[in-house]
Amino acid sequence: MATKFKTLDDAELAGKRVLVRVDLNVPMKDGKVTDATRIERVLPTIREIADKGGRVILLAHFGRPKGQAVPEMSLKPIVPALSEKLGRPVGFAEDCVGPVADGIVANMKDGDILLLENTRFHKEEEKNETGFVSKLAALGDVYVNDAFSAAHRAHATTEGLAHHMPSYAGRTMQAELEALEKGLGSPERPVVAVVGGAKVSTKIDLLSNLVKKVDALVIGGGMANTFLAAKGVNVGKSLCEHDLADTARQIMKNAEEAGCAIVLPLDAVVAAEFKAGADSDIVAVDAVPSEKMILDVGPKTVAAVNEWIDKAKTLVWNGPLGAFEIQPFDKATMSAARHAAERTKEGALVTVAGGGDTVSALNQAGVAGDFTYVSTAGGAFLEWMEGKALPGVEVLKA
Ligand SMILES: Nc1ncnc2c1ncn2[C@@H]1O[C@H](COP(=O)(O)OP(=O)(O)OP(=O)(O)O)[C@@H](O)[C@H]1O
Ligand SMILES: O=C(O)[C@H](O)COP(=O)(O)O
């Protein structure tokens with residue numbers, strides 16, 4: 001399906017003040033960026049606009065400051081990393097609206113790059129409040145959204161601004177949407193989804209829709225424990241949302257009606273506690289000791305997952321199969337990720353993955369670069385998997 005939104009190829013940028021929404025909500029430790037993936041993804045868009053004579057005015061959020069100017073959530077510490085990776089100077093405005101921003105923007109020259117302070121320091125950002133949108137719009141002539149990972153938010157800088165001026169998808173937004181179109185928009189079947197991880201309650205609802213869109217759903221992680229428990233399996237002390245058992249049973253029913261195979265663990269790696277060096281055993285899922293917890297799926301399950309990967313033409317993945325951060329609970333995730341990567345390199349499979357810990361797991365397996373596309377989005381990726389319309393994308397289509 002052709003893309004239904006304008007890209008930078010369609011934009012007049014020379015001499016224009018270009019408001020560019022990016023996602024700089026990056027992991028930080030002691031004032032330093034610890035994972036620059038999201039910064040690296042927006043560099044091409046920034047460079048292209050500046051090289052075409054645009055005045056680049058970056059809008060971004062950081063964390064959830066709830067409308068307060070929280071010093072620990074200032075974007076200022078990100079300027080050095082951004083400037084270094086761009087190889088160009090980056091200005092900083094201590095506020096995203098008002099006389100501070102107005103003055104600095106007014107003095108910009110073609111090709112300049114400016115980062116405005118955290119938009120969420122104003123509560124009006126998340127309210128998409130019209131007065132705030134107008135103040136922001138007064139700073140620019142053109143709007144570019146390069147933040148797919150924030151596109152599930154209908155905020156002033158992710159949605160409101162696009163109603164005020166010519167709007168375009170940035171290059172990483174464009175790449176994200178084109179890749180995701182391959183993943184679930186109009187995928188080559190059979191499509192297999194892998195959903196794991198720990199955030200069972202925030203993810204379980206997406207599965208109801210997902211089972212109508214895929215041929216098989218492989219469930220791992222804490223999510224699998226919840227489904228096993230819903231089937232009456234004793235999962236011992238495992239991470240499990242027992243109160244979601246009815247939801248899990250409904251999803252399994254929906255899947256059966258939709259002709260989607262639900263692939264649950266056959267065996268498990270269990271331990272008394274989740275820590276490095278803990279003794280672990282491999283048991284059948286119906287033989288989990290009550291005093292133990294499931295921390296990974298076992299080798300029989302990995303073999304079954306890899307068989308599904310071999311059958312698939314398209315694989316969509318969010319959430320690790322086990323507690324991959326600590327060995328030996330990384331085995332299943334590493335094995336499945338490497339197998340999917342091999343099939344992708346052979347040209348037999350389109351692989352699309354998303355989620356903060358999922359990206360980390362793929363990096364740990366050394367295969368993030370072999371997947372067809374790896375999204376930096378977490379919540380937005382899940383909502384997209386669910387088939388929800390993302391406000392920041394819909395408004396670009398208009
Ligand atoms: N069986 C398990 N028991 C306990 N924790 C598990 C298990 N399997 C996976 N996990 C944990 O799940 C976490 C990742 O789950 P999450 O749902 O957050 O993934 P994600 O969606 O990729 O991440 P993000 O929400 O940051 O985008 C990891 O920290 C991992 O240790
Ligand atoms: O990290 C993310 O998922 C995005 O930056 C969105 O952040 P939010 O969930 O605070 O809106």
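The values are calculated or read from the model by the stated rules, or taken from the named source; none is laboratory data. Keep in mind that this is a model prediction, so the values were computed, not measured. Virtual Cβ from ideal backbone geometry, glycine too; neighbours counted across all protein chains shown. The area values use the complete protein model at the heavy-atom level, side chains included, leaving out ligands, DNA and RNA. Shrake-Rupley method; radii C 1.70, N 1.55, O 1.52, S 1.80 Å.
Gap in Å between the Cα centre of segment 121-179 and the Cα centre of segment 239-258?
Value for the Cα centre distance between the two parts: 36 Å.
Considering only protein heavy atoms, what per residue accessible area in square angstrom results for the chain with a 1.4 angstrom probe? The partial results should precede the final answer.
Values: 16190 Å² over 398 residues.
Spelled out: the 1.4 Å probe surface of the chain, per residue, equals 41 Å².
Using a 1.4 Å probe and ignoring any ligands, DNA or RNA, find the accessible area of K182 and quote it in Å² to the nearest 10.
The accessible area of K182 comes to roughly 110 Å².
Under unit Cβ charges (Lys, Arg +1; Asp, Glu -1), what dipole magnitude, rounded to 20 debye, does the chain have relative to its Cα centre?
On the way: 45 positive and 53 negative charges, 84 e Å.
Dipole about the Cα centre, nearest 20: 400 debye.
At a 1.4 Å probe radius, carbon and sulfur cover how many percent of the accessible area of segment 178-385? All intermediate terms of the calculation are to be shown ahead of the outcome.
On the way: 4070 of 8180 Å².
The computed percentage sits at 50.
Could you list, in their original order, any pairs among K203/K388; K127/K397; K212/K253; K203/K345 whose Cα atoms are separated by more than 19 Å?
Values: K203/K388 13 Å; K127/K397 22 Å; K212/K253 11 Å; K203/K345 29 Å.
Table pairs above 19 Å Cα-Cα are K127/K397; K203/K345.
Using Cα pairs closer than 8 Å and at least 6 residues apart in sequence, work out the relative contact order for the chain, in percent. Don't skip to the end; give the middle numbers.
Working: 868 pairs, mean separation 62.3, N = 398.
Taking the mean separation of contacting Cα pairs over the length of the chain, I get 16 percent.
How much accessible surface area, in Å² rounded to 10, belongs to the heavy atoms of E273 with a 1.4 Å probe?
90
Can you work out the FRET efficiency for the pair R189 and T372, with r the C-beta to C-beta distance and R0 = 25 Å, to the nearest 0.05?
Numbers: r = 16 Å, r/R0 = 0.62.
Efficiency at R0 = 25 Å is approximately 0.95.
If I histogram all Cα-Cα distances within the chain using bins 20 Å wide from 0, what percent of pairs lands in each bin?
Going out from 0 Å in 20 Å bins, the chain shows 27, 51, 21, 1 percent.
Kindly state, as a whole number, the per residue volume in cubic angstrom of the convex hull around the alpha carbon atoms of segment 8-171.
Details: hull volume 15.7 nm³, N = 164.
Given the Cα convex hull of segment 8-171, per-residue volume reads 96 Å³.
With every protein chain left in place, what is the accessible area of R343 in Å² (1.4 Å probe, nearest 10)?
Accessible surface of R343 is approximately 50 Å².
Which one of V79, G160, A36 is farthest out on the positive end of the charge dipole of segment 8-171, using unit charges on Cβ (Lys, Arg +1; Asp, Glu -1) and the Cα centre as origin?
The one lying farthest along the dipole's positive direction is A36.
If amide H atoms are built 1.01 Å from N in the plane of the peptide, which residues on other chains or at least 5 residues away come under 5 Å of the amide H of G298?
L266, D267, A268, V269
For segment 181-288, what's the relative contact order in percent, using C-alpha pairs closer than 8 Å and at least 6 residues apart? Numbers along the way, then the final one.
Values: 163 pairs, mean separation 26.9, N = 108.
It comes to 25 percent, rounded to a whole number.
Could you sort S375, S74, S290 by their accessible area in this structure, using a 1.4 Å probe and putting the largest first?
Numbers: S375 0, S74 20, S290 75 Å².
The most accessible residue leads, giving S290, S74, S375.
Mind ranking D102, D35 by accessible surface for me, highest first, 1.4 Å probe?
Numbers: D102 75, D35 55 Å².
Descending order: D102, D35.
In whole percent, how big is the carbon plus sulfur part of the accessible area of segment 8-171, probe 1.4 Å, protein atoms only?
Numbers: 3390 of 6760 Å².
Solvent-exposed carbon and sulfur of segment 8-171 make up 50 percent of the total.
Tell me, what ³J(HN,Hα) does each residue in segment 110-119 have, in order and in whole Hz, if you take phi through Karplus 6.51 cos²θ - 1.76 cosθ + 1.60 with θ = phi - 60° and put x for Gly and Pro?
After applying 6.51 cos²θ - 1.76 cosθ + 1.60, I find 3, x, 5, 10, 9, 10, 8, 4, 2, 5 Hz.
Amide H to amide H under 5 Å from K292: which residues, 5+ apart in sequence or cross-chain, H placed 1.01 Å off N in plane?
Correct list: K237.
Which lysines have a Cα lying under 19 Å from the Cα of K16, excluding residues fewer than 8 positions away in the same chain?
By straight Cα distance, K16 reaches K6, K52, K109, K135.
Counting only residues 5 or more places away or on other chains, whose amide H sits under 5 Å from the amide H of V263 once H atoms are built in the peptide plane?
Answer set, sorted by chain and number: L217, V218, I219.
Once Lys and Arg get +1 and Asp and Glu get -1 on their Cβ, which of A268, F5, L207 lies farthest toward the positive end of the dipole of the chain?
F5
Step through the residues of segment 53-59 one at a time and calculate ³J(HN,Hα) from phi using the Karplus curve (6.51 cos²θ - 1.76 cosθ + 1.60, θ = phi - 60°), rounding each to whole Hz and writing x for Gly and Pro.
x, x, 9, 7, 10, 7, 10
Which order do R41, R338, R120 take when ranked by solvent-accessible area (1.4 Å probe, heavy atoms of all protein chains), largest first? Before the final figure, lay out each step's value.
On the way: R41 75, R338 110, R120 15 Å².
The most accessible residue leads, giving R338, R41, R120.
In whole percent, what relative contact order does segment 178-385 give with Cα contacts below 8 Å and a gap of six or more residues? Before the final figure, lay out each step's value.
Numbers: 452 pairs, mean separation 46.1, N = 208.
Over segment 178-385, the number comes to 22 percent.
Of the candidates N118, N234, N107, which one comes out as most mobile in a Gaussian network treatment of the chain with C-alpha springs shorter than 10 Å?
Of the options given, N107 has the highest mean-square fluctuation.
Would you mind computing, in nm to one decimal, how far apart the modelled labels at D102 and T202 are, each placed 7 Å from Cα along Cα→Cβ?
3.8
Taking the dipole about the Cα centre of the chain, with the C-beta of Lys and Arg at +1 and of Asp and Glu at -1, give me whichever of A368, M293, G185 is farthest to the positive side.
G185
Under a plain spin-label model, where a point goes 7 Å from the Cα along Cα-to-Cβ, how far apart in nm are K123 and L266?
Between K123 and L266, the label points sit 5.6 nm apart.
Treating only the Cβ atoms of Lys and Arg (+1) and Asp and Glu (-1) as charged, compute the dipole magnitude of segment 178-385 about its Cα centre; round to the nearest 20 debye. Write out the running numbers ahead of the final one.
Details: 19 positive and 26 negative charges, 54 e Å.
Computed charge dipole of segment 178-385: roughly 260 debye.
Using r as the Cβ-Cβ distance of N209 and E178, and R0 as 30 Å, what FRET efficiency do you calculate, to the nearest 0.05? Write out the running numbers ahead of the final one.
Numbers: r = 22 Å, r/R0 = 0.73.
Here the calculated transfer efficiency is 0.85.
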